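These notes concern the structure reproduced below.
Read-outs throughout are calculated quantities, based only on the coordinates presented, and are distinct from any laboratory measurement. It should be emphasised that the depicted structure is a prediction, and the values quoted were computed from it without experimental measurement. Because the Cβ atoms are built from the backbone with ideal geometry, glycine has one as well, and the counts that use them run over all protein chains shown.
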Amino acid sequence: MADKRVTSGIKGLDEMLNGGFLPGSMVLVRGAPGTGKTSLALQFLIYGAVKHNEPGLLISFEEFPSSLYRDAESLGWDLKELEASGRLHLMFTSPEVFLASLEFPDSRLNRLILEANIRRLALDSVTHFNRLTDDAQELRCIYTSVANSLRRERITAILLGEEGRAEYRRAFQGGLSFIVDVIILLRYVEIESAMQRAIVVLKMRGSNHAKEIRHYEIGQGGLTILETFKGCEGLLSGIPHRARP
Ligand SMILES: Nc1ncnc2c1ncn2[C@@H]1O[C@H](COP(=O)(O)OP(=O)(O)OP(=O)(O)O)[C@@H](O)[C@H]1O
Ligand SMILES: [Mg+2]
């Protein structure tokens, strides 16, 4: 039987993913500041909650709650209303508290996951784990413990990774790219003196996926995937140039 895919809520992205994520996948979304990582994660959670009645949980190490509500409102989303209806849960915490709570079946986090039947989760962002240790082995243990907890509950999870921060490179020492099932890259590219946004699926375990690099925009309703970049090479190196005819 074909796997029922978990749709991302972003039509063009689902096409790139051959229909969506495989259930229970761990997805790493990498991108520089402002590329739209938090927006993509919210879109995934809100779509699941509203269209599929799948309760979602956002765990943020990141934003002040007030700025998250404000940013979401600018994209047309009323997070307070979704929270009040029990379809979306937001948890503002620290990496330390989050990791400790994974260990305790009776923690607020684990009770919420079970009682609210959380099916979709987003973690904003995993880069914060990197400041907990300088030891690559220990970092790998942290990622593995997060992955095991999520996989145990068969939750489809989006982990956000901030590129450009010095700590980010250490995430690779922790083997994060090997632990996750899917990697999506969000990039700024400069073409003829204009900044454009590019999205690509780098890896998807257990499934075929599009290899092309596509434009996207952010606005009301979140991310919109546009056409494929044509006639350019070197987009991912950050030094695009025209393809030779
Ligand atoms: N209403 C809007 N209309 C158009 N663009 C918007 C709107 N709201 C946000 N954006 C764009 O989205 C970007 C921020 O998106 P988001 O916060 O999801 O990025 P991020 O990758 O999570 O950033 P950070 O790394 O700083 O957390 C803004 O820089 C802006 O360009
Ligand atoms: Mg963000």
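Summary of values
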item	result
Ranked list, fewest to most other Cβ atoms within 10 Å of each Cβ, for ILE191, ILE158	ILE191, ILE158
Whether the chain is rounded, prolate or oblate, judged on the alpha carbon gyration tensor where a/c under 1.5 counts as rounded	prolate
Nonlocal amide H pairs with ASN18, under 5 Å, H built at 1.01 Å	ALA210
Sites GLU192 and SER66, calculated FRET efficiency, Cβ-Cβ separation with R0 25 Å, nearest 0.05	0.05
FRET E, pair VAL50, ILE179, Förster distance 41 Å, beta-carbon r, rounded to 0.05	0.85
On Cα atoms only, tilt of 37-52 relative to the major axis of the chain in degrees	60 degrees
Nearest-ten-degree value, helix 65-74 long axis tilted from longest Cα axis of the chain	40 degrees
Under 5 Å, built H, 5+ apart or other chain: amide partners of CYS232	ALA243
Pairwise FRET efficiency - GLU115 versus GLU138, Cβ, R0 = 35 Å, nearest 0.05	0.65
Folded to 0 to 90 degrees: helix 136-152 orientation relative to the chain principal axis, Cα	70 degrees
Shape category assigned to the stretch 178-245 from the gyration tensor of Cα positions, a/c cut at 1.5	oblate
GLU212 paired with VAL97, simple spin-label distance in nm, labels 7 Å along Cα-to-beta-carbon	4.5 nm
Alpha-carbon centroid distance for the pair the stretch 204-245 / the stretch 68-93, whole angstrom	29 Å
From phi via Karplus (6.51, -1.76, 1.60), per-residue ³J(HN,Hα) for the stretch 215-221 in Hz, x at Gly/Pro	5, 9, 10, 10, x, 3, x
Kirkwood-based shape ratio for the stretch 82-205, expressed as Rg/Rh from alpha carbons	1.01
The chain, helix-only ellipticity at 222 nm - DSSP H runs n ≥ 4, -39,500 (n - 2.57), divided by all residues, nearest 500	-9500 deg cm²/dmol
